[in-house]
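Worksheet for the structure shown next.
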Amino acid sequence: MISRFLTLILLGCLPVFAAAQDATAILEQMMAKWNRVKDYAVQVNIKSEIPLIKSFPVKATIYFKQKDQFKMLSKGIAILPKQNFNELPKFLRDKNSYTALITGTEVIQTQKTTVLTVLPIDDSGDLVLLKLWIDPKTDLLLKSQSTTRSNGTISANYEYGSQIAFGLPDKMIFTVEVKKFKIPKGLATDINRTSSSDTGKPSPKNGKITITFADYQLNKGIKDEVFRN
Amino acid sequence: MSDKIIEVQQLAKRFGSFEAVKDVNFTVYKGDVFGFLGPNGAGKSTSIRCLLSLIKPDRGEIKIYGQTLAANRSHILARTGSIIEKPDFYKYLSAYQNLAIFSRISGATASAKEIYQMLDFVGLAGREKDKVAGFSHGMKQRLGIAQTLLHKPDLIILDEPTTGLDPQGIIDIRNLILRLRDEQGKTVVLSSHLLAEMELIANRMVIINKGKTVVEGEVSKLLSSDDLVVQLEIDKVEAAKNYLKNHLPQLEIIDSTATHLELAITKSMLPELNKLLVQQGFSIYAIESKRKLEDYFIKMLKADAVE
Amino acid sequence: MLWNSVYNEFIKITAKPRSYLGLLAITVLVGVILFALKVDGQSMIAFVTSSFEQTLSFQGTLLNGNLVAFIVLQMLIIHIPLLVALVTGDLVSGEAASGTIRMLLTKPISRTQLLLSKFIAGAVYTLCLIIWLGILAVIVGKVLFGTGDLMVLNSDGLVILQEQDVNWRYAGGFAVAFLALLTVSTLSICLSCFSNNSIGPIVVTMAIIILFTIIGTLDVKLFDAIRPYLFTTHMASWRSFFEEPLPLKEIIKSLIILLVHQVILIGLSLYHFNKKDITT
């Protein structure tokens, strides 16, 4: 009786083990592309459309060097999601910190993708859930969605072009869940305002940040000094 | 007519319910040192301020250089220099800077050389760069005269120019006014409480009281009347008083001391008085005529009060 | 004659110690603000951005010379009217109190020209104050904190203006701030025409500004109709230059209201001054 019951449990768990193994493989294949990049420098254009923030597109230069050195140099003020694109590879590289599962398929940008759900092992961390949409044919990440305790849900869509072979996108579109921002009243003194401001209008719940990448300089060697403050 | 410098007719000014000037009339001729007399509150200052367009009269006409003041203010003031009550200057500026400031808006901007010469003329040489804050009243008065003369005016109006000055200062101002008239042919309108001073320098005058002209004319003619006030230095004053009361009742005994008698008397009676007293054995040590203008002034005011 | 009188007014203003009080006060105040921002500016910025930074991160130098200049301008523009009134409120009444007005008005210069020269001198002094504030806030601010995009906090959210887009906004902002202070200067000179003592017009100018500001701030329906026409309502119009898109209509409206105030105040001053009997 007991042995039949154990057999049933094992049989029930088999697909899960198989999915985990496949998910890891998909992730590894995707990351293998990234790992071919030892360093890169790229010009980016960041366009933010965030409720209650009016800003112009900002140009910046991003420097990356394995394993996790990252630097953005911008003369202007650039707005990025709190969990920005650097966090994801950093998190995925530490294979012991999460469990990945295939949880379905979905069509993204006309491509059929495998949906991976990544669960952090440390349940006290800020990241609660990570979902990845990976094209199994090209091993490219087409969409990601991370849910954190403090920042809500941030999703990103990836478009590829010149550096498709390295899994580096030409465009990333972040959608951030925007909580109701609070303006410190004492500091925002528009005493000349005689008409009502826009604060009364219902503001959209999501903000969009579009990052366009151009002029990638791959594996040309970047000195460590660049990453120092 | 052409030598009339100032013509004032039926001047009137009211401040609220107080009628400061009711009916002031006078004429100043070219080359006059014109005395402007009146007790405190008579309307002197208001009248003089009207002449300088500081106060706008309610009624009457002011013509200066033959032109109405209201319509030709700038042209008239460009040819007029004045000190009203006391010269007030920018205390934080030097004597030179003060003169330069007033000169720039006087119609004819004086050169630095002219300013230095003017300061020298009024006795402020060497103090050009000193701040006015450190000046005595006399020095300010001299600086006031300098700013009055700097743009070479034809008419000078001085309201109480000797107030607060020491005797030497008063003499200096008197001499200056006479020089301005005699050497430069300026016309001077002068108001002062110092009647003796006025008597010494004014050739014409007006007396105003309670906002009205009481009398106007040449000083020499106004003071040449037969009425005199004389002071007798005499022995036996009381006996002399009694004698005069009985024998010359037409005399007015104004005052007496142990040695002096002050009498109001006509000029023609003076030899008779002298003769009678000597005949009665009184010893007369001196007969002195008192300041005429002062008495005339008081007499006029008394007469005005009776009217 | 007018320009001679204007020149005279400049000499008087430059010779008066109190004229430098305003410049000194601005120097000290800006110095204190710059020091505070240098020491603890980041935490001040964090206070503003904390609500946004739960979701977003701001890359780049937020605390830069442009922001510093904006903070300085915002903090000081409400205090500078006092410094302006301190000098301009004395221009006519001070002369009446000291007796020099009597001396001036016995000169051939017309009363209109004399008063206009004082308005011009007052305007130039106000301009000097605002330029000095600009030099300290913008230039010294940029020297000490560097340049960069300007992040402005308005009641309807954050506006991030690009560095190359900021200088003309400052020029416009300072121009409007100047016009607002010019209204204060005109008001105090106007009051000065009605007084024979130096302090009265300065105190009354500040009292009017405080009163109008309170009326402008109180959420009382009765005041709604007059609020848009109070000059104090438009004293912060310089901020409009830091909004995106530029509220041109509001700026023009503010400029018109400020200019109308100035024309009325100058007209009233000229009328009264020309009729005034000088009895001091």
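The values are calculated or read from the model by the stated rules, or taken from the named source; none is laboratory data. Here the structure is a predicted model, which is why all the values come from computation and not from measurement. Glycine also receives a Cβ, built like all others from the backbone with ideal geometry; neighbour counts cover every protein chain displayed. Heads up: the accessible areas ignore ligands, DNA and RNA and are worked out on the full protein's heavy atoms, side chains in. Shrake-Rupley method; radii C 1.70, N 1.55, O 1.52, S 1.80 Å.
Annotation note: of C:Phe174, C:Phe194, the sole residue that is open to solvent by 10 Å² or more (accessible area, probe 1.4 Å), under 29 Å from C:Gly267 (Cα atoms) and under 17 Å from the mean Cα position of the chain (by Cα) is C:Phe174.
For region C:30-57: of the residues being outside any helix (DSSP H, G or I) and surrounded by fewer than 19 Cβ atoms within 10 Å (Cβ to Cβ), which is farthest from the other protein chains (Cβ to nearest Cβ)? Going through the qualifying residues, I end up with C:Ser50. Per the conditions (1) away from every other protein chain (no Cβ under 14 Å); (2) on the phi > 0 side of the Ramachandran plot, the sole criterion not satisfied by A:Gly152 is (1). Does B:His193 satisfy being without any contact (Cβ under 8 Å) to a residue 60 or more places away in the chain and away from chain C (no Cβ under 14 Å)? Here the answer is yes, as B:His193 does meet what is asked.
Just to verify a result, which residue in region A:174-229, among those that are small (Gly, Ala, Ser) and either at pLDDT 85 or above or outside any loop (DSSP other than H, G, I, E, B) (or both), is nearest to C:Thr213 (Cα to Cα)? Taking the candidates together, the pick is A:Gly200. Every listed requirement among (1) in contact with a helix residue (DSSP H, G or I) (Cβ under 9 Å, 6 or more places away or on another chain); (2) closer than 30 Å to C:Gly65 by Cβ; (3) touching a residue at least 40 places away in the same chain (Cβ under 8 Å); (4) among the aliphatic types (A, V, I, L, M) is met by A:Ile102 save one, (2). Scanning region C:66-75 for residues that are within 13 Å of chain A (Cβ to nearest Cβ) and either in contact (Cβ under 8 Å) with a residue 60 or more places away in the chain or not β-branched (Val, Ile, Thr) (or both) yields C:Asn66, C:Leu67, C:Phe70, C:Leu73, C:Gln74, C:Met75.
Here is a yes/no grid of residues against (1) part of a loop (DSSP other than H, G, I, E, B); (2) within 14 Å of chain A (Cβ to nearest Cβ); (3) of a type in the set (Lys, Arg); (4) in contact with a Phe, Trp or Tyr (Cβ under 6 Å, 6 or more places away or on another chain):
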residue	(1), (2), (3), (4)
C:Ala171	no, no, no, no
C:Val184	no, no, no, no
C:Leu187	no, no, no, no
C:Ser195	yes, no, no, no
C:Phe223	no, yes, no, no
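When B:His75 is tested against (1) open to solvent by less than 50 Å² (accessible area, probe 1.4 Å); (2) within 30 Å of B:Lys30 (Cα to Cα), only condition (1) is not met.
For (1) in a helix (DSSP H, G or I); (2) of a type outside the set (Val, Ile, Thr); (3) open to solvent by 70 Å² or more (accessible area, probe 1.4 Å), each residue gets a yes or a no:
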| residue | (1), (2), (3) |
| --- | --- |
| C:Ala207 | yes, yes, no |
| C:Phe212 | yes, yes, no |
| C:Gly216 | yes, yes, no |
| C:Trp238 | yes, yes, no |
| C:Phe241 | yes, yes, no |
| C:Leu246 | no, yes, no |
| C:Ser254 | yes, yes, no |
| C:Ile257 | yes, no, no |
| C:Val263 | yes, no, yes |
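Scoring C:Thr61 on the criteria (1) within 13 Å of chain A (Cβ to nearest Cβ); (2) open to solvent by 40 Å² or more (accessible area, probe 1.4 Å); (3) without any contact (Cβ under 8 Å) to a residue 40 or more places away in the chain leaves a single failure, condition (3). Restricting attention to region A:42-63, the residues being in contact with a helix residue (DSSP H, G or I) (Cβ under 9 Å, 6 or more places away or on another chain) and either surrounded by 19 or more Cβ atoms within 10 Å (Cβ to Cβ) or at pLDDT below 85 (or both) number 3. Any idea which of (1) more than 13 Å from chain C (Cβ to nearest Cβ); (2) in contact with a strand residue (DSSP E or B) (Cβ under 6 Å, 6 or more places away or on another chain) is the one B:Asp159 doesn't satisfy? Among (1) more than 13 Å from chain C (Cβ to nearest Cβ); (2) in contact with a strand residue (DSSP E or B) (Cβ under 6 Å, 6 or more places away or on another chain), B:Asp159 violates only (1).
Restricting the search to region C:153-169, which residues are touching an Asp or Glu at 6+ places or on another chain (Cβ under 7 Å) and in a helix (DSSP H, G or I)? Of everything in region C:153-169, just one residue is touching an Asp or Glu at 6+ places or on another chain (Cβ under 7 Å) and in a helix (DSSP H, G or I), namely C:Glu163.
B:Ser225 fulfils the conditions (1) loosely packed, with under 14 Cβ neighbours inside 10 Å; (2) modelled with pLDDT of 80 or more; (3) assigned to a loop (DSSP other than H, G, I, E, B) except for a single criterion, (2). Of all the residues in region B:99-123, those that are more than 9 Å from chain C (Cβ to nearest Cβ), assigned to a helix (DSSP H, G or I) and not polar (S, T, N, Q) number 10. Taken over region B:240-261, the residue count meeting the criterion of being open to solvent by 90 Å² or more (accessible area, probe 1.4 Å), polar (S, T, N, Q) and in a helix (DSSP H, G or I) is 1.
Is it the case that some residue within region B:262-278 is open to solvent by less than 80 Å² (accessible area, probe 1.4 Å) and either in contact (Cβ under 8 Å) with a residue 60 or more places away in the chain or assigned to a loop (DSSP other than H, G, I, E, B) (or both)? No, every residue in region B:262-278 fails to be open to solvent by less than 80 Å² (accessible area, probe 1.4 Å) and either in contact (Cβ under 8 Å) with a residue 60 or more places away in the chain or assigned to a loop (DSSP other than H, G, I, E, B) (or both). For region B:60-98, the set of residues classified as modelled with pLDDT of 90 or more, more than 8 Å from chain C (Cβ to nearest Cβ) and assigned to a loop (DSSP other than H, G, I, E, B) consists of B:Tyr65, B:Gly66, B:Leu69, B:Ala71, B:Asn72, B:Arg79, listed by residue number. Cβ-Cβ contacts under 7 Å between residues 6 or more apart (or on different chains), taken from a first residue in region B:173-186 that is without any contact (Cβ under 8 Å) to a residue 24 or more places away in the chain to a second residue that is open to solvent by 40 Å² or more (accessible area, probe 1.4 Å), are absent. There is no residue in region C:62-70 that is closer than 30 Å to C:Ile109 by Cβ and of a type in the set (A, V, I, L, M, F, W, C).
Evaluated against (1) in a helix (DSSP H, G or I); (2) crowded, with 17+ Cβ neighbours inside 10 Å, C:Ile278 falls short on exactly one condition, (1). Any residue that is farther than 26 Å from B:Phe89 by Cβ and either modelled with pLDDT under 90 or β-branched (Val, Ile, Thr) (or both) - is there at least one of those in region C:1-24? No, region C:1-24 contains no residue that is farther than 26 Å from B:Phe89 by Cβ and either modelled with pLDDT under 90 or β-branched (Val, Ile, Thr) (or both). The condition (being within 21 Å of the chain's Cα centre (by Cα), more than 14 Å from chain B (Cβ to nearest Cβ) and open to solvent by 40 Å² or more (accessible area, probe 1.4 Å)) is satisfied by just one residue among C:Thr27, C:Thr88: C:Thr27.
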